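In what follows, a single structure is set out as structure tokens and then discussed.
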Amino acid sequence: MVENGLKIQKESSNIVRIIHIDDDEDFLNISKNYLRRLSNDSFVIDSQVNPAEAVSKIKENKFDLIICDYLMIDTNGLEILKELKRHNIDTPFVIFYRKRKGRSSC
């Protein structure tokens, strides 16, 4: 990046790689935009609507944080966490729950 004629290189260690798993694509987009603004673009957010694909991606890539919805159509956040633990993935994992219209709770 060039600013005021000076070359500025952002240290890669300042970047926080986050994967966010939720089956609600609209919520993923809202969250991604909010987190980017909050972090002054120091968060790189990988939004995943498909939990199985997200788990594969986590197994293959390094993330600093996993944010996961608790209640999804085919699985839940605890099952994803258990699967990752079986593969010795100890990335910080945040599970959240939000009540949604038209969906029963567990």
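Brief remarks follow.
- Inter-residue pairs, beta-carbon under 7 Å, first within 11 Å of L84 (Cα to Cα) and in the stretch 49-72, second of a type in the set (D, E) and not in a strand (DSSP E or B), 6+ apart: V55/E83
- Residues that are surrounded by 15 or more Cβ atoms within 10 Å (Cβ to Cβ) and either within 10 Å of the chain's Cα centre (by Cα) or more than 18 Å from V94 (Cα to Cα) (or both), drawn from the stretch 12-42: R17, I18, I19, H20, I21, D22, L28, S31, K32
- Pairs are defined by a Cβ separation below 7 Å, a sequence spacing of at least 6 or placement on different chains, a first member in the stretch 79-98 that is under 11 Å from D69 (Cα atoms) and without any contact (Cβ under 8 Å) to a residue 60 or more places away in the chain, and a second member that is surrounded by 10 or more Cβ atoms within 10 Å (Cβ to Cβ) and of a type in the set (G, A, S); the pairs so defined are I95/G77.
- Every residue from the stretch 83-106 that is polar (S, T, N, Q) and at pLDDT 80 or above: N88, T91
- Among the numbered conditions (1) at pLDDT below 95; (2) of a type in the set (S, T, Y); (3) not in a helix (DSSP H, G or I), the only one that S47 does not meet is (1).
- The residues in the stretch 37-56 that are among the β-branched types (V, I, T) and within 20 Å of D74 (Cα to Cα) can be counted, and the count is 2.
- The stretch 13-36, residues that are among the aliphatic types (A, V, I, L, M) and closer than 25 Å to T75 by Cα: I18, I19, I21, L28, I30, L35
The values are calculated or read from the model by the stated rules, or taken from the named source; none is laboratory data. Since we're looking at a predicted model, the values are computed, not measured. Using ideal geometry, Cβ is built from the backbone for each residue, glycine included, and neighbour counts are taken over all protein chains shown.
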